[in-house]
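Asks: My questions all concern the structure below.
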Amino acid sequence: MFFCAVFCQTKNKSAITKKTDYKIFVLNDIRREGNTDILISPNADTIAKYIPSGSFPLAINAFLVQQNGENFLFDTGLGINLVGNLKSHGVLPEQISKIFITHCHGDHIGGLLNEGEIVFPHAEILINRIEYNYWTQEGNELFAQVANRYKEKIKLFDLDENRSENDLLYSDIQPVAAYGHTPGHTMYLIGTEENQTLVWGDLTHVIPLQMPHPEQSVTYDVNPQQAAETRQRIFKFLSENHIKVAGMHLPLPAFGFVTKGKSIGYEFNSYKKQGNCKSNKVR
Ligand SMILES: [Zn+2]
């Protein structure tokens, strides 16, 4: 399978990459209650069972990773609290050197601009070529603005099974295809084997329901069937490998582990510790 090929290859690569410690912090833009309206063809009994109140906690997050004295961002949220959140970690926008984009919805690239102006003057913006090409064809206004303002800074990358060792984006940060939510939706696996975090982007939006029922897609998924297949495959892999995840719409603390569900599907176990990830194996 493509996913397995990339992920397994990634794990092998990680094993031979020099071990580098890193710190990861959530940068929360918004916390709110989500509505079940976003579910595609929802089953009333399933909603009543898993979301009895009719709403569930939702967030919009980006993540700051500090590694080898550099500051990286993973997505930028809407940009509402991004710069303030960075300052609370002692980081100025000019000090961000790379921004890894999971996909180009507005709640992920919005923070790249402030009233049309560049927010991160020294950052390289890394985007999967498939994702970039899709939004170029879609004619989305915000994307077009970002592409124009950052055109000297955008670095497109390809994901396929023939990638060479030289295609490592940076040290031990590996892109992993998770297509479906958008055509080029990409996760990033940070760290080495004992100390990994998977930034999974928008793999989920409705945690209480999509964990037991990963086949349930949402209206935001460009290809709902592919999104569901991707979710199932990745949940299975994560439940078997105990890798910490960080999610853009996970309610705070926005980190956790996926385990097999007691009766069906999977469960999400929140993990409060952030910052230095030396001891993220909490099993
Ligand atoms: Zn999103």
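No lab work stands behind these numbers, since they all come straight from the coordinates. Keep in mind that this is a model prediction, so the values were computed, not measured. Counting neighbours? That spans all protein chains shown, and the Cβs are built from the backbone with ideal geometry, glycine included.
Asks: Starting from the Cα-Cα distance between SER55 and GLU240, subtract it from 0.36 nm times their residue separation and give me the gain in nm to one decimal.
Replies: Gain on extension, SER55 to GLU240, equals 63.6 nm.
Asks: May I ask you to order 116-125, 69-78, 223-232 by the average number of other C-beta atoms within 10 Å around their residues, highest value first?
Replies: Ranking the peptides 116-125, 69-78, 223-232 by packing returns 69-78, 223-232, 116-125.
Asks: So for the chain: antiparallel DSSP bridges make up what percent, rounded to the nearest 5?
Replies: Within the chain, antiparallel bridges account for around 75 percent of the total.
Asks: Right, next: Using the structure shown, select from LYS153/LYS244; LYS155/LYS244; LYS49/LYS260; LYS23/LYS272 the pairs with a Cα to Cα distance greater than 23 angstrom.
Replies: In this structure, LYS153/LYS244; LYS155/LYS244 lie more than 23 Å apart at Cα.
Asks: Using θ = phi - 60° and the Karplus form 6.51 cos²θ - 1.76 cosθ + 1.60, what ³J(HN,Hα) does each residue of region 138-155 get, whole Hz, x for Gly and Pro?
Replies: Along region 138-155, the couplings run 5, x, 6, 5, 4, 4, 4, 5, 4, 4, 6, 5, 9, 4, 6, 9, 7, 10 Hz.
Asks: From the gyration tensor of the Cα coordinates in the chain, what semi-axes in whole Å does the equivalent ellipsoid have, largest first, with each one equal to sqrt(5λ)?
Replies: 27, 22, 19
Asks: A follow-up question, please. Which residue, chosen from PRO42, SER88, GLY54, occupies the Cα position most advanced towards the positive end of the dipole of the chain, where the dipole is computed from +1 (Lys, Arg) and -1 (Asp, Glu) charges on Cβ about the Cα centre?
Replies: Towards the positive end, the residue furthest out is SER88.
Asks: Give the relative contact order (percent, whole number) for the chain; include only Cα pairs under 8 Å separated by 6+ residues.
Replies: That works out to 19 percent.
Asks: Ranked highest first by average number of other Cβ atoms within 10 Å, how do 26-39, 97-110, 233-246 line up?
Replies: Ranked from most to least packed, the peptides come out as 97-110, 233-246, 26-39.
Asks: Alpha carbons only, please: Rg and Dmax for region 111-261, in angstrom.
Replies: 16.2, 46
Asks: At 0.36 nm per residue, minus the direct Cα-Cα distance, what do GLN232 and ASN43 gain on full extension? Give it in nm, one decimal, please.
Replies: That pair, GLN232 and ASN43, stretches by 66.2 nm at full extension.
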